[in-house]
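Okay, structure first, notes after.
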Amino acid sequence: SDAVAALDDALSGVTDVQRVVLKAAAGAGKSYALKRMVENALHHELCSRVCVIAFANKQIFPLAEDLGLTLGQGRVCLLVAKGKSAEIADSTKDAATVVEDAKSVPATAEVVVATSHKVGGFGATHLRKQLGNATNGDHLFDVLFVDEAWQLPLHRYREVERLAPIAVGVGDVGQLPPIDPGQNP
């Protein structure tokens, strides 16, 4: 609840928070909280599009499915590498739109779920051409969610942190660099 409130305040401009860090022990409900934060962000009048990233495919597939079941297939797009869609469960394909390149992300997508590799660098350029900027006007997304943030190497985070004015890092206690600069030299 505190993380949801902090994100809402950041979106509203009540605070100048640029990073929200949700740390909890394994099994504490971080994935549930992440999905709730995505849903609440999209209900905010100043948020039209978010991105949910992780370092590995095994993390994003279930997230895309759960978000698609909650928000609807047309609102959630899972962006995967070429040839990876064959590995995705039918239940995920039924819940979320699955594409293999940024040019195929539908304009109706409010949630783009991908690995950091797919939205960093040229991926961001292609997504911006396809989708334009989000509500904030200066960024591709209004919020960037990073699941298991501790697994994302700093150089990968640096490629994607500029995609949204607010980043939300979710991870285990004591394992949140690079999102948590207080613990990352």
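The values are calculated or read from the model by the stated rules, or taken from the named source; none is laboratory data. None of the values given here were measured: they were computed from a predicted structure. Cβ: placed from backbone, ideal geometry, glycine included. Neighbour counts: every protein chain shown. For the accessible areas, the whole protein counts, side chains as well, though only heavy atoms, and no ligand, DNA or RNA atoms are used. Shrake-Rupley method; radii C 1.70, N 1.55, O 1.52, S 1.80 Å.
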Any idea which residue in region 130-147 is nearest to Ala33 (Cα to Cα), counting only those that are open to solvent by 10 Å² or more (accessible area, probe 1.4 Å) and among the charged types (D, E, K, R)?
Asp147
Answer residue from region 117-138, given it is out of contact with any helix residue (DSSP H, G or I) (no Cβ under 9 Å at 6 or more places or on another chain) and at positive phi and is modelled with the lowest pLDDT among those:
Gly137
Got a sec? Which of Leu67, Leu46, Leu78 is of a type in the set (A, V, I, L, M, F, W, C) and part of a helix (DSSP H, G or I)?
Leu67
Cβ contacts < 9 Å: first residue touching a residue at least 24 places away in the same chain (Cβ under 8 Å) and under 16 Å from Cys51 (Cβ atoms), restricted to region 77-101; second residue open to solvent by 60 Å² or more (accessible area, probe 1.4 Å) and among the aliphatic types (A, V, I, L, M), any location; separation 6+ or different chain. Result?
Ala96/Leu69
Which one of the conditions (1) part of a helix (DSSP H, G or I); (2) under 21 Å from Ala64 (Cα atoms); (3) open to solvent by 30 Å² or more (accessible area, probe 1.4 Å); (4) at pLDDT 90 or above does Thr108 fail to meet, given that it meets all the rest?
(1)
Six or more apart or on different chains, Cβ under 7 Å: which pairs go from a residue in region 165-180 that's open to solvent by less than 40 Å² (accessible area, probe 1.4 Å) and among the small types (Gly, Ala, Ser) to one that's at pLDDT 55 or above and not in a strand (DSSP E or B)? Could you list them?
Ala167/Gln18; Ala167/Glu161; Gly169/Ala149; Gly171/Glu148; Gly171/Ala149; Gly171/Trp150
Restricting region 5-59 to residues that are charged (D, E, K, R) and closer than 13 Å to Glu148 by Cα, the one surrounded by the fewest Cβ atoms within 10 Å (Cβ to Cβ) turns out to be Lys58
Starting from residues that are of a type in the set (Asp, Glu) and at pLDDT below 85, keep the ones in region 143-185 and report whichever is nearest to Gln59 (Cα to Cα).
Asp172
